[in-house]
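The structure appears right after this line, and notes come after that.
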Amino acid sequence: MKRSFLTLMTALMLTHLLQAQDTGSPFSQRQMEADNYKVLTQYAARPVVVAQKRVLRQDFFLWYSHLEDRGWGSDQNWYPAETTELYLSRRTPAGDYEIVRSEPVDDTLWSVPEPVCEEAVSPGNEVFPMLSPDGRRLYFSSDGLFGMGGYDLYVATWNPERQAWGPVQNLGFPFNSQADDLLFCDTPDGRYSLLASNRSCGQDSMVIYVLRQETPVFAPVRAEEAGRLASLDITDPDKGYRFEKHGFGTVPKILFEEPVEVFDYAFSTTGPGAFAEDNKLPSGLVYQIQLFVSGSKPSLRQIKGISPVYVHAQRSGKKLCAAGLFRTYAEAERALPAVKKLFPTAFIIAFDSGQPLALSKARKKESSVTVVTEEVRIVK
């Protein structure tokens, strides 16, 4: 796929969006898709279509005969045998779907699934990830990225220098249409590429198109040929690809590592409040802001949205609650007014390697050393 074409298409689509925003015109999803359609149909590839088959949408992917039988899970993800990495479409807490990647940690455990790349994340859904046989391209469909309408097909390219996926590019016209275009992939033998679309059928069906695998050359398209190209009619019949419906697989139970929540030690007075996960003070000179002293174990409600709050046990048995970790008196002093709005009697205290230190001695000690960092932010 020629980089110049894809760069041009991206620039043109962004120009349309920015112009609409500048003029203050209402820019609905439908208008944006119509604009993108006009842009993308200015240039087109001329793929050679060798076969097609109309099937039910609910399990159209089972008709991709070159994929191993029983490799599809009930979650409509492809689970290749003996793989060293998984690319899946998973539901996010917000309810949409995103493409994630995981790799084996040991014989039974897989790493925490992480988004493939920032460019492949949209407000919509990203589905049907499929890795090319050489591992250099990752195809997927999205209804949230810049596209022509419905689901469009995209490809992310592996960057060996950065060891990361990107950029993400629209496959262009006529691979994409104003309908739903899904599940682009290449056959391992290098002969064919496949995609599924409902551009020429009802919403309950999909047509699987088999294309002769080749590097597409994009060129200007005349209006009279746009319709013919969009239809993806068979142009050179080839019975080399035989359609055969597979079954859903019994996917082995896959255990993923749980994401480790990292406590945020950044000072905050805007909530939610939190007690320091590690209540131990770091070595060296630190300042804190004393909030109050309690005769019993303090509660989250008592700290009024401040974080992090440390609890220091006193010889009397009482609990001294102090907020933040500051390496300089100036930093603590800047934070003090916000705390005083919640605790009017709050004041600055000091510690040296965990031991209380008179404020006058702390400031004298501070002035005699070079401060490398102004604020302590510990991440376990």
**Asked** Sorting Arg242, Arg315 on the 10 Å Cβ count, fewest up front, what's the list?
**Response** Arg315, Arg242
**Item:** Three-way shape call for the stretch 52-102 based on the alpha-carbon gyration tensor, with the a/c threshold at 1.5
**Value:** oblate
**Request:** Two decimals is fine: what is log10 I(q)/I(0) at q = 0.08, 0.13, 0.15 Å⁻¹ for the chain, from a Debye sum with one equal scatterer on every Cα and no solvent?
**Result:** -0.62, -0.99, -1.20
**Prompt:** For the residue pair Phe248 and Ile234, what label-to-label distance in nm results when each label sits 7 Å from Cα along the Cα-to-beta-carbon direction?
**Reply:** 3.1 nm
**Sparse-neighbourhood loop sites, trypsin sites (Lys or Arg not before Pro) in the stretch 143-216 - DSSP loop, at most 11 other Cβ within 10 angstrom** = Arg162
**Asked** What is the calculated FRET efficiency for Val112 to Gln58, with r their C-beta to C-beta distance and R₀ = 30 Å, to the nearest 0.05?
**Response** 0.45
**Message:** Please compute the contact order of the chain in relative form: average sequence separation of alpha-carbon pairs under 8 Å and at least six residues apart, divided by the residue count, as a percent.
**Reply:** 17 percent
**Request:** Considering the options Val55, Leu342, Val127, tell which one lies farthest towards the positive end of the dipole of the chain, charges being +1 on Lys and Arg and -1 on Asp and Glu at the Cβ, about the Cα centre.
**Result:** Leu342
**Complete:** Computed for the chain: size of charge dipole around the Cα centre, +1 on C-beta of each Lys and Arg, -1 on C-beta of each Asp and Glu, debye to nearest 20, value 1760 debye
**Item:** FRET efficiency estimate (nearest 0.05) - Cβ-Cβ, Arg90 to Ala358, R0 45 angstrom
**Value:** 0.25
**Request:** May I ask you to list the lysines whose Cα is less than 25 Å away from that of Lys297, ignoring any residue fewer than eight positions away on the same chain?
**Result:** Lys280, Lys318, Lys319, Lys340, Lys341, Lys380
**Fill in**
Rounded to one decimal in nm, the spacing of the 7 Å Cα→Cβ label points at Thr345 and Val262 is 3.8 nm
**Complete:** Per-residue Cβ contact counts at 10 Å, fewest first, order Thr84, Thr157 as Thr84, Thr157
**Asked** Between Val217 and Asn279, what is the spin-label point distance in nm, taking each point 7 Å from the Cα along the Cα→C-beta axis?
**Response** 7.4 nm
**Message:** If R₀ is 56 angstrom, what is the calculated FRET efficiency for the pair Asp69 and Lys319, using the beta carbon separation as r and rounding to 0.05?
**Reply:** 0.30
**Asked** For the chain, what is the calculated [θ] at 222 nm in deg cm²/dmol (nearest 500), taking -39500 (n - 2.57) for each run of four or more DSSP H residues and dividing by its residue count?
**Response** -5000 deg cm²/dmol
**Asked** With contacts defined as alpha carbon pairs under 8 Å and 6 or more residues apart, what's the relative contact order of the stretch 262-380 in percent?
**Response** 34 percent
**Request:** Please report how far the C-alpha centroid of the stretch 308-356 lies from that of the stretch 69-123, rounded to the nearest whole angstrom.
**Result:** 45 Å
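Computed from the coordinates by the stated procedures, all read-outs in this text should not be read as laboratory data. Note that this is a predicted model, so its numbers are computed, not measured. So basically every Cβ, Gly included, is an ideal-geometry build from the backbone, and we count neighbours across all protein chains shown.
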